[in-house]
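J.: Right, I'll just put the structure down here and ask away after.
Computed from the coordinates by the stated procedures, all read-outs in this text should not be read as laboratory data. Bear in mind the structure is a predicted one, so any value in this text is a computation, not a measurement. Cβ: placed from backbone, ideal geometry, glycine included. Neighbour counts: every protein chain shown.
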Amino acid sequence: MSFDSVFSSLSVSGSGLGAEQARMKAIAENIANANTTRTPEGGPYRRQRVIFASVLSSAMRSGLQRSPAPAGVRVAGVVRSTEPPISIFDPDHPDADKTGHVAVPNISVPNEMIDMIAAARSYEANLAAIRNFKTMVSKAMSILR
Amino acid sequence: MLSGDATLKVIGKMLDGCAARHNAIAANLANAETPGYKRVDVRFEEQLAKAIDSGDARQIDAVRPETVRGTGAARPDGNTVDFGTELGNLNRNTLVFSTFADLAAVRVRQYRDAIGE
């Protein structure tokens with residue numbers, strides 16, 4: 001087993017941490033903008049969603065390991081929800097149209113919270129993998145001590 | 001002679017296999033939310049058991065951990081990773097690795113005692 005492939009699990013777990021962080025950021029923005037009716041693009045804020053894709057590390061791509069090989073994860077993109085905004089009746093709102101309706105973001109805060117719990121759990125799982133790796137390395141180091 | 005010690009060879013192969021399996025589990029956990037991802041697993045135990053049964057040190061040398069597509073039911077998004085199972089595998093794998101690292105340390109200690117270090 002080459003040196004590169006021994007430590008590749010750290011970069012794989014690291015990619016997991018980064019991806020979950022990006023997801024957490026998107027969720028935070030969604031919750032923060034749950035009532036935003038004005039955006040630079042115009043209209044109400046649209047929910048963001050992070051798309052994950054698996055990726056092979058350079059050591060694995062160079063053919064050191066046969067396929068299927070363990071892969072890291074990356075953020076393939078952040079997409080905006082295409083769901084129509086919710087229309088609520090609020091004639092006093094400065095952004096209300098002639099009929100007194102305001103278009104507000106189609107964001108369910110409870111749903112975002114659940115997504116956040118899932119992201120936090122995934123993040124912790126990647127941390128656990130790193131912790132376990134550290135245990136294994138220190139154990140291996142102690143063999144010849 | 002240390003290099004001809006079949007016990008150490010077997011322990012070394014177990015450590016190799018566990019390290020490779022850790023890579024697979026880390027990848028599965030990193031991709032737990034990736035749509036369409038299929039979990040990977042590492043196979044080497046059957047190969048190692050056969051090599052031990054043969055009693056041929058060269059066969060033990062030839063054992064290589066093999067990364068294979070793991071089994072598991074797919075979720076609606078096509079992903080086959082189960083979080084709980086994977087975390088369980090992670091901890092078990094580390095425990096097995098630690099046990100065999102301890103065994104290796106004992107073996108090395110025996111040699112040290114034998115040469116009176």
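J.: Return the long-range amide H neighbours of residue A:55 (sequence gap of 5 or more, or a different chain), with a cut-off of under 5 Å between placed amide H atoms.
T.: Distant-sequence amide H within range of residue A:55: A:72, A:73, A:74.
J.: Hey, if you put +1 on the Cβ of every Lys and Arg and -1 on every Asp and Glu Cβ in chain A, which of A:116, A:44, A:10 ends up farthest toward the positive end of that dipole?
T.: A:10
J.: Same structure again: Note down the magnitude of the dipole of the protein assembly as shown about its Cα centre, charges +1 on Lys and Arg C-beta and -1 on Asp and Glu C-beta and zero elsewhere, to the nearest 20 debye.
T.: Dipole about the Cα centre, nearest 20: 660 debye.
J.: Right, next: For residue B:9, give me every one of the lysines with a C-alpha distance below 30 angstrom, ignoring sequence neighbours fewer than eight places off in its own chain.
T.: Partners within reach: A:134, A:139, B:50.
J.: Still on this structure, I have one more. At residue B:5 and residue B:43, where each label point lies 7 Å from the Cα along Cα→Cβ, what is the point-to-point distance in nanometres?
T.: Computed distance between label sites residue B:5 and residue B:43 equals 3.2 nm.
J.: Moving on to the next point. What is the average number of partner chain Cβ atoms found within 10 Å of a Cβ in B:91-101?
T.: Mean partner shielding for this stretch: 4.
J.: Same structure, new question: Along the principal axes of its C-alpha atoms, what lengths does the range A:3-144 span, in descending order and rounded to whole Å?
T.: Projected onto its principal axes, the Cα set of the range A:3-144 covers 78, 29, 21 Å.
J.: With a 10 Å cut-off between alpha carbons and a GNM built on chain A, which of A:43, A:14, A:72 moves the most?
T.: Of A:43, A:14, A:72, the most mobile in the Gaussian network model is A:43.
J.: Please give the average number of partner chain Cβ atoms lying within 10 Å of the Cβ of each residue in A:6-12, rounded to a whole number.
T.: Counting Cβ atoms of other protein chains within 10 Å of each residue's Cβ and averaging gives 5.
J.: Can you check what the Kirkwood hydrodynamic radius comes to for chain B, Cα pairs only, in Å to one decimal?
T.: Result for chain B stands at 15.9 Å.
J.: Sticking with this one: Students often get this wrong: which residues of the range A:16-34 have the backbone nitrogen under 15 Å from the point 7 angstrom along Cα-to-C-beta of residue A:116?
T.: Under 15 Å, as judged by backbone N against the label point of residue A:116, lie A:21-34 of the range A:16-34.
J.: Can you compute the modelled spin-label distance between residue A:7 and residue B:69, with each label point 7 Å from Cα toward Cβ, in nm?
T.: With each label placed 7 Å out from Cα toward Cβ, I get 3.3 nm.
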